[in-house]
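Trainee: Below are the structure tokens for one structure; questions will follow.
The values are calculated or read from the model by the stated rules, or taken from the named source; none is laboratory data. None of these values were measured; they are calculated from a predicted model. When we count neighbours, we look across all protein chains shown, and the Cβ atoms used for this are built from the backbone with ideal geometry, even at glycine. Please note that ligands, DNA and RNA were not included when accessible areas were found on the heavy atoms of the full protein model with its side chains. Shrake-Rupley method; radii C 1.70, N 1.55, O 1.52, S 1.80 Å.
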Amino acid sequence: MGSDMRSLHPLCPLCGIASYAVGCRLSPLSQVDFRPMPASSLETVVSLCKRRGFVFPSSSVYGGLGSTWDYGPLGVELKNNVKRAWWRSVVHERDDMEGLDAAILMNRLVWKYSGHEATFSDPMADCRACKARPRADHVFAAQKGRDPKGLAEINAAIAAKELTCPKCGSKDLTEARPFNLMFRTSVGPVDTGDESGLVYLRPETAQGIFVNFGNVLDTMRRKLPFGIAQVGKAFRNEITPGNFTFRTREFEQMEIEYFVRPGEDETAHEMWIAERKKWYLDLGMRADNLRVREQEKHELAHYAKRCVDLEYLFPMGWSELEGIANRTDFDLKAHSRSPENTDAVGELHYFDPEQKRHYVPYVIEPSAGADRATLAFLCDAYDDSLVKEPPAEDTAKLRELVESFARSVARREGMDVDVKQRLQAASESIAAGLPATLPRLIGLMDDADANKIEVMKKVRGVGEKIADEHTRTVLHLHPRLAPLTVAVFPLKRNESRLVELARSIKRDLQRAGLRAVYDDTGAIGKLYRRQDEIGTPWCITVDFQSLEDKTVTVRDRDNMQQEREPLGEIGPTLLARLR
Ligand code: GAP
């Protein structure tokens, strides 16, 4: 929370992502290896999301609102499945957890005593030369090799012209000012002009849990250790949102506060690190793309004794997926009546029946982002592959066009050096490797920078058709996460008996609790491809044999095998596979 959380997961002042404290993965300041995703680029995933109704830019009829996104029909199913899988794992499948759904708007005092009013801010400085607004603490850390001791030290360095703008190199920086990230609004029908009605949109769901600790403890008759889980919206006026849904101003968190006896906190911390890592792996995330990173001392929030980040290898580099912190007794104490807090009505402590004494429990906090987890599962599941070789003359024509694109990039003046290098290297290697590199060409054809170059139009004119016929895009989502579980097709849509049977199978599967759809808007091959692209694990085709012997073909998304199965067994079999 607070400014401390900002320093836990700092942004690179140049690219606005990743963990700048250990070196940005994109900017020239990089100090660590950047290993690109083997399967896809973020652009490719974004393009699929827009094309197939997962995620749309928000308020697009009015030109949009930067970095805000709406989840479409398939996206909402996917994100709901992620949240459902999380809830099932951390609440329903455990005996030591309770759920909660606290209000977004809370008494302003919550944010005063949590420390957010005073500290949930980033120090920003403006560059008078190029108008960039970098985070001044990150500029200081990068250029001085250590964290600043406070705003005063940053401003002394700026005044002494010791810091330079990370974008243009100018030393003409304004004084750094704290920029609070909480969105403000007011309650009541009258704007009184003072701050009497001021409330904040919560920047984390955690505080809703802390202030309900006593309510849950008393009503559910809990003994330590126990935890409270909550899923809900959080809002931060991020300075540098970006990378699609990775960092936005409105997002959803999935947070747990797990209360333990002081002294048992370290064991509980280890337990949650293992549990949370296992959750991602059990849902199919590739182990190579997930790592545990211990936060260094200087990254820790003031309340945290220890914090471990689960990081995912996003296309833009290793970035935080979830933080698992030992928050000690900081928050419950902060909201308890004391000489420092005379506003609280009581004390948030626990009576230990074994030790026969009151104390304030310690807290382990696994804090994940629902949007970020959804994006990670999408990136991880994305797969483009060549399924058959295109004719040699088509490949030759495409190669010529991609080479022409590479030459055009090389000749281009005034282009960002990094973008130019990236496009040139990608197009040269794609041209040399065709047709095997056709899936990578799909990524290049989706790249916003590549599309600023005229020749890309010609590449797309030829490339899209060839890619469409010879590659397969699949989302290998875990069946429990996939937006649709099963799609049912009649072999011929003008054969009423097939249509009728297919529709009734679909209805039966829906009644059995499966997310099933019917489709007859294309040839079977095309229908399979459409379902592969959105990650539907199984497709059922009803043919003439089905009318005779009540069997259908069930086709598996991942291995494309088709098996004949008796109608009556399909529902139970698929339900069992979802478990
Ligand atoms: N209560 C602790 C807390 O809020 P955090 O690291 O700031 O810690 C926890 O946030 C998780 O919430 C992150 O790991 C990330 O998944 C998600 N998150 C944070 N800020 C976000 C943003 N601006 N956009 C999307 N997700 C975000």
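Trainee: Taking residue 148 and the conditions (1) touching a helix residue (DSSP H, G or I) at 6+ places or on another chain (Cβ under 6 Å); (2) in contact (Cβ under 8 Å) with a residue 24 or more places away in the chain, which numbered condition does it fall short on, given that it satisfies the others?
Mentor: Going through the list (1) touching a helix residue (DSSP H, G or I) at 6+ places or on another chain (Cβ under 6 Å); (2) in contact (Cβ under 8 Å) with a residue 24 or more places away in the chain, residue 148 breaks only (2).
Trainee: Further question on the same structure: With the checklist (1) part of a helix (DSSP H, G or I); (2) modelled with pLDDT under 95; (3) crowded, with 18+ Cβ neighbours inside 10 Å in hand, flag the one item residue 118 doesn't pass.
Mentor: Checking residue 118 against (1) part of a helix (DSSP H, G or I); (2) modelled with pLDDT under 95; (3) crowded, with 18+ Cβ neighbours inside 10 Å, the one that fails is (3).
Trainee: Within the range 366-423, which residues are hydrophobic (A, V, I, L, M, F, W, C), more than 16 Å from the ligand (Cβ to nearest atom) and at pLDDT 90 or above?
Mentor: Once the filter is applied, which keeps residues that are hydrophobic (A, V, I, L, M, F, W, C), more than 16 Å from the ligand (Cβ to nearest atom) and at pLDDT 90 or above, the range 366-423 yields 381, 392, 396, 398, 401, 402, 405, 406, 409, 410, 423.
Trainee: Ok, one more. For the range 238-259, which positions are of a type outside the set (D, E, K, R) and either near the ligand (Cβ under 8 Å from one of its atoms) or part of a strand (DSSP E or B) (or both)? Talk me through it step by step, then tell me what you get.
Mentor: From the range 238-259, those of a type outside the set (D, E, K, R) are 239-246, 248, 251, 253-254, 256, 258-259; that's our starting set.
Residues satisfying the conditions are 241, 242, 245, 246, 248, 251, 253, 254, 256, 258, 259.
Trainee: Being of a type in the set (A, V, I, L, M) and modelled with pLDDT of 50 or more narrows it down to one of 22, 45, so name that one.
Mentor: 45
Trainee: Still on this structure, I have one more. Can you find a residue in the range 329-338 that is open to solvent by 10 Å² or more (accessible area, probe 1.4 Å), touching a residue at least 40 places away in the same chain (Cβ under 8 Å) and near the ligand (Cβ under 10 Å from one of its atoms)?
Mentor: no
Trainee: Within the set of pairs 6+ apart or on separate chains, which have a first residue in the range 391-415 that is without any contact (Cβ under 8 Å) to a residue 40 or more places away in the chain, a second that is open to solvent by 90 Å² or more (accessible area, probe 1.4 Å), and C-beta atoms under 7 Å apart?
Mentor: Correct list of pairs: 406/428.
Trainee: Further question on the same structure: Considering only the range 536-553, state which residues are part of a strand (DSSP E or B) and surrounded by fewer than 20 Cβ atoms within 10 Å (Cβ to Cβ).
Mentor: Step one: list which residues in the range 536-553 are part of a strand (DSSP E or B), which gives 538-542, 551-553.
Within the range 536-553, 551, 553 meet the criteria.
Trainee: For the subset of the range 154-205 comprising residues that are charged (D, E, K, R) and under 30 Å from residue 106 (Cβ atoms), which member is surrounded by the most Cβ atoms within 10 Å (Cβ to Cβ)?
Mentor: Restricting to residues being charged (D, E, K, R) and under 30 Å from residue 106 (Cβ atoms), the top hit is 202.
Trainee: Determine which single condition residue 140 fails, assuming it passes every other condition in (1) buried (at least 17 other Cβ atoms within 10 Å of the Cβ); (2) of a type outside the set (Gly, Ala, Ser); (3) touching a strand residue (DSSP E or B) at 6+ places or on another chain (Cβ under 6 Å).
Mentor: The one condition residue 140 does not meet is (3).
Trainee: Against the condition more than 25 Å from residue 477 (Cβ to Cβ), within 16 Å of the ligand (Cβ to nearest atom), in contact with a helix residue (DSSP H, G or I) (Cβ under 9 Å, 6 or more places away or on another chain) and open to solvent by 10 Å² or more (accessible area, probe 1.4 Å), how does residue 349 come out, does it pass?
Mentor: So residue 349 does not fit the description; no.
Trainee: Spot the failing condition for residue 219; the list is (1) away from the ligand (no atom under 13 Å from the Cβ); (2) of a type outside the set (A, V, I, L, M, F, W, C); (3) open to solvent by less than 70 Å² (accessible area, probe 1.4 Å), and only one is missed.
Mentor: Residue 219 satisfies all of (1) away from the ligand (no atom under 13 Å from the Cβ); (2) of a type outside the set (A, V, I, L, M, F, W, C); (3) open to solvent by less than 70 Å² (accessible area, probe 1.4 Å) except (3).
Trainee: A further question on this structure: Which of the residues spanning the range 554-571 are open to solvent by 70 Å² or more (accessible area, probe 1.4 Å), within 17 Å of residue 523 (Cα to Cα) and either of a type in the set (Val, Ile, Thr) or not in a loop (DSSP other than H, G, I, E, B) (or both)?
Mentor: Passing the criteria: only 562.
Trainee: Here is a follow-up. Show the residue pairs meeting these rules: Cβ distance below 7 Å; 6+ apart or different chains; first residue within the range 232-254 and farther than 23 Å from residue 317 by Cα; second residue part of a loop (DSSP other than H, G, I, E, B) and near the ligand (Cβ under 6 Å from one of its atoms).
Mentor: Every condition considered, the pairs that remain are 234/204.
Trainee: Right, another one. Take the residues of the range 71-105 that are β-branched (Val, Ile, Thr) and in contact with a Leu (Cβ under 8 Å, 6 or more places away or on another chain): which is nearest to residue 236 (Cα to Cα)?
Mentor: Among those residues, the one meeting the criterion is 104.
Trainee: Right, here's the next one. For the range 70-83, how many residues are exposed (fewer than 15 other Cβ atoms within 10 Å of the Cβ) and more than 18 Å from residue 536 (Cα to Cα)?
Mentor: Total satisfying the criteria: 1.
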